[in-house]
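Enquirer: This is the structure I have questions about; it appears just below.
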Amino acid sequence: MKSFTATALAALLAQQAAAHSTFQQLWVDGTDFGSQCARLPVSNSPITNYNSNDMRCNIIGTRPQVKCPVRAGGTVTVEMHAISKQNGDRSCANEAIGGAHHGPVSVYLTKVSDAVTADGSTGWFKIFDDGWRKNPSGRVGDDDFWGTKDLNSCCGKMNVKIPSDIPSGDYLLRAEAIALHAAGGAGGAQPYMTCYQITVSGGGSASPPTVSIPGHFKASDPGVQVNIHGAMTSYAIPGPPVYAGGSTKVAGSACSGCEATCAVGSSPTTSLTPPVSTSTTTPGTPGGGGPVGCTVQKYGQCGGQGYTGCTTCAAGSTCNTTNQWYHQCV
């Protein structure tokens, strides 16, 4: 009996570990940038110390040296998948986050001077929530509608509006899912998060109120310590409210936009290096835009609505217009 119990427990723990997931990819207005601007975690395990600085962007490996270009008022689509040995799995055959890891999904931004080097110690504001909704046909919280269930329904994808009034510049975009299957006791909730390095163009002058991470929620908060295996009549999403310029999704609603239509290989720039601004100064070379004497390396951004950087491509490449937002040296 002891042997059977130990075996069963080991199998259960293995199943729960296999259900762990990470946010890995990013789409920008339907353009697939893959994982190139994502600070990929070193494992698919949750962060269980809510007071740790790892709550900001997880325990990351090497930071990417690029930033995904995003327009204020546009839509990014974060993408989550389960991983076993390595990042990169984008299969829809498996749940994005399995193992009955039900819970809310939230997205935050923090304004930084350089998204590549930023450590996330600056103030964060929430721009998106997909939390909980009662299922009239259900008995307990497990049966209800949750943000993570929406991720599973939409092949790991969730659309997030970038507020149109935030200032232009560099940001870290932080996607967070909180699994509540073991949250009946203090410290049982399992947060999973990934940060993406982005540069916003065409913004405004808003100054959203911010919170610190860690510190955006506590272990004792009602949305963090909660028993979802009993009947639920309400649920409070952890963290601050969504900033006025942000958006929410009704848990259990249908996939829309990129959630429904974006598929690997469907983007016209999927096979290319994403149009990231990588300007370099070349003395004596007149620039077509941006600082005098600058050029843009091959595959860098060279124009587009709201873009204010260099527009002269380095020798051997020309500025190709993909759409009104993205111009790329190819």
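Enquirer: Please specify each residue of segment 188-207 satisfying the condition of being open to solvent by less than 40 Å² (accessible area, probe 1.4 Å) and in a loop (DSSP other than H, G, I, E, B).
Expert: Of everything in segment 188-207, those that are open to solvent by less than 40 Å² (accessible area, probe 1.4 Å) and in a loop (DSSP other than H, G, I, E, B) turn out to be 188, 189, 203, 204, 206.
For every residue, the table says whether it meets (1) outside any loop (DSSP other than H, G, I, E, B); (2) at pLDDT below 90; (3) open to solvent by less than 60 Å² (accessible area, probe 1.4 Å); (4) more than 30 Å from residue 260 (Cβ to Cβ).
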{"residue": "46", "(1), (2), (3), (4)": "no, no, yes, no"}
{"residue": "62", "(1), (2), (3), (4)": "no, yes, no, yes"}
{"residue": "76", "(1), (2), (3), (4)": "yes, no, yes, no"}
{"residue": "80", "(1), (2), (3), (4)": "yes, no, yes, no"}
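Enquirer: What pairs can you find where one residue is in segment 203-216 and free of Cβ contacts under 8 Å to residues at least 24 places away in the same chain, the other is among the basic types (Lys, Arg) and open to solvent by 40 Å² or more (accessible area, probe 1.4 Å), and their Cβ atoms are less than 8 Å apart, with a gap of 6+ or different chains?
Expert: Qualifying pairs under 8 Å: none.
Enquirer: Residues that are open to solvent by 40 Å² or more (accessible area, probe 1.4 Å), more than 15 Å from residue 109 (Cβ to Cβ) and not aromatic (Phe, Trp, Tyr): does segment 159-182 have at least one?
Expert: Within segment 159-182, one or more residues are open to solvent by 40 Å² or more (accessible area, probe 1.4 Å), more than 15 Å from residue 109 (Cβ to Cβ) and not aromatic (Phe, Trp, Tyr).
Enquirer: Follow-up. Quick check: anything in segment 82-90 within 23 Å of residue 256 (Cα to Cα), touching a Cys at 6+ places or on another chain (Cβ under 9 Å) and open to solvent by 10 Å² or more (accessible area, probe 1.4 Å)?
Expert: Scanning segment 82-90, I find at least one residue that is within 23 Å of residue 256 (Cα to Cα), touching a Cys at 6+ places or on another chain (Cβ under 9 Å) and open to solvent by 10 Å² or more (accessible area, probe 1.4 Å), so the answer is yes.
Enquirer: Still on this structure: Given the options 120, 131, name the one that is surrounded by 19 or more Cβ atoms within 10 Å (Cβ to Cβ), touching a helix residue (DSSP H, G or I) at 6+ places or on another chain (Cβ under 7 Å) and closer than 19 Å to residue 188 by Cα. Please lay out each step first, then the result.
Expert: Numbers: 120 fails: closer than 19 Å to residue 188 by Cα.
From the options 120, 131, the qualifying one is 131.
Enquirer: When you go through (1) on the phi > 0 side of the Ramachandran plot; (2) open to solvent by 20 Å² or more (accessible area, probe 1.4 Å) one by one for residue 149, which number turns out not to apply?
Expert: Condition not satisfied by residue 149: (1).
Enquirer: Quick check, is residue 100 on the phi > 0 side of the Ramachandran plot and either at pLDDT below 95 or part of a strand (DSSP E or B) (or both)?
Expert: yes
Enquirer: Give the residues of segment 208-235 that are open to solvent by 50 Å² or more (accessible area, probe 1.4 Å) and either touching a strand residue (DSSP E or B) at 6+ places or on another chain (Cβ under 9 Å) or charged (D, E, K, R) (or both), sorted by residue number.
Expert: Step one: list which residues in segment 208-235 are open to solvent by 50 Å² or more (accessible area, probe 1.4 Å), which gives 209-210, 212, 215, 218, 220, 222, 225, 227, 229, 231, 233-234.
Hits for segment 208-235 are 209, 210, 212, 218, 234.
The values are calculated or read from the model by the stated rules, or taken from the named source; none is laboratory data. Only a predicted model underlies this, so the values are computations on that prediction, with no experimental measurement involved. Here the Cβ is made from the backbone with ideal geometry for all residues, glycine too, and neighbour counts use every protein chain on show. The area values use the complete protein model at the heavy-atom level, side chains included, leaving out ligands, DNA and RNA. Shrake-Rupley method; radii C 1.70, N 1.55, O 1.52, S 1.80 Å.
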